1. Bins of 5 Å, beginning at zero and ending with the bin holding the largest distance: percent of Cα pairs per bin for segment 15-176, please.
2. Extension gain residue 416-residue 244, at 0.36 nm per residue separation less the Cα-Cα distance, in nm?
3. Semi-axes of the equivalent ellipsoid for segment 300-379, please: Cα gyration tensor eigenvalues, times 5, square-rooted, ordered largest first, whole Å.
4. Give me the number: length gained by fully extending residue 465 to residue 336, i.e. 0.36 nm times residue separation minus the C-alpha to C-alpha distance, one decimal in nm.
5. Sort 492-503, 44-55 for me by packing, meaning the mean count of neighbouring Cβ atoms within 10 Å per residue, highest on top.
């Protein structure tokens, strides 16, 4: 979910953004301080990251906020070359140290940490393993890392009041949209002392070189002087990309659909159009037909949908002969990858093999254009693409039909529909990022599922989609009644219960 449309941001600060910044600012400061070792620079880096994140949050689902914010903080120049204040991490450079701190301080799981670093999950796991090996060579044990983690957690919770007040002031300035205070630049020093020093240095260098100079002997009559030998041809530069690099790209699955980018950016608006009774779009096709529309068969005009492989092969040598060259960059770490990652990579390799030459070039061009964007833009768009990919093929087909119908309207009618949506309160626009099915009734149950851990998001959405309409209404009633602690317990009970028992569980908790 996101807080506002990118084209019409909300004029007032989002309560969700305020709560998010309040919840993350202490960890962000400790992270920045450990990276640069200077409290003042750390505070400045946090403020710059908050200011950059505020507009990004308006076009990013809530599930993408943590990765988006940490990406912006990690990209701050002040954190690039400093030395942190943790002696245990002194042997690591700023890059490996940042990767490790995303786990120790940020608390990110492997997929989100890899997303923050802008690499594939397999690459992040390998880099993290190398960092741990370097710490082991520096005689830093896992027990010492565990103690460091506990110490950093205490530091986050017991941050001194002065620093907490400074962070609160920064947050208030960001939410109020106040400009960053500009310090008057100091007057530049006179350039003449430096110029004179350089002139003296040049004179000394020329005098020193003159002691080694000897005039070349004159040529005898009729002699010729050989031309200098030409340098050997340099080896050709390696290609800018290869099929293997394309296959393991972290955003391959999201960018494989040529139309995903166009529909994902306006997913909330288009989902709202699908559910609005006054908007006429093409009727939704049956599920089987929608599968054929979104995922055409091999050899059809469109690109087949990227699906994880159904089988899991922990031995790299057992993969198909056509798949092994495409996955060669992760061959060394293949046995240590989790099964879901292996199945996803194999699915991407099979998708690539099913494309013709023109479709491959088109996909490679999209990936290159994606990589050329600034990290903040990629983080913003990544959240929208993730929301699009979470929809079923039938929902994607309905959204695409709504987009085609809306684009076919005259300009004034298009603007009228857009204005109607943008005038809705932010908390009524946000649920539509979940798609037409969930967006229509998610608002009443939103308090029950706000700020859940990332690992629970997909199972919870699948559970919600499977509930009968009556159970959803009962769940909405429960969401308004239960305090925060009881909501967390109910979420856990619903996830642990069998699908057939969930409706009865909701009714029981409601006292019916």
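1. Histogram of Cα-Cα distances, whole percents per bin: 1, 9, 19, 22, 22, 15, 8, 4, 1, 0.
2. Difference between extended and current length: 57.3 nm.
3. 24, 18, 12
4. Between residue 465 and residue 336, full extension yields an extra 43.1 nm.
5. 44-55, 492-503
Here, each number is a calculation from the coordinates, and none is a lab measurement. The model shown is predicted, which means the values in this text are computed figures rather than measured ones. Note: ideal-geometry Cβ built from the backbone for every residue, glycine included; neighbour counts use all protein chains shown.
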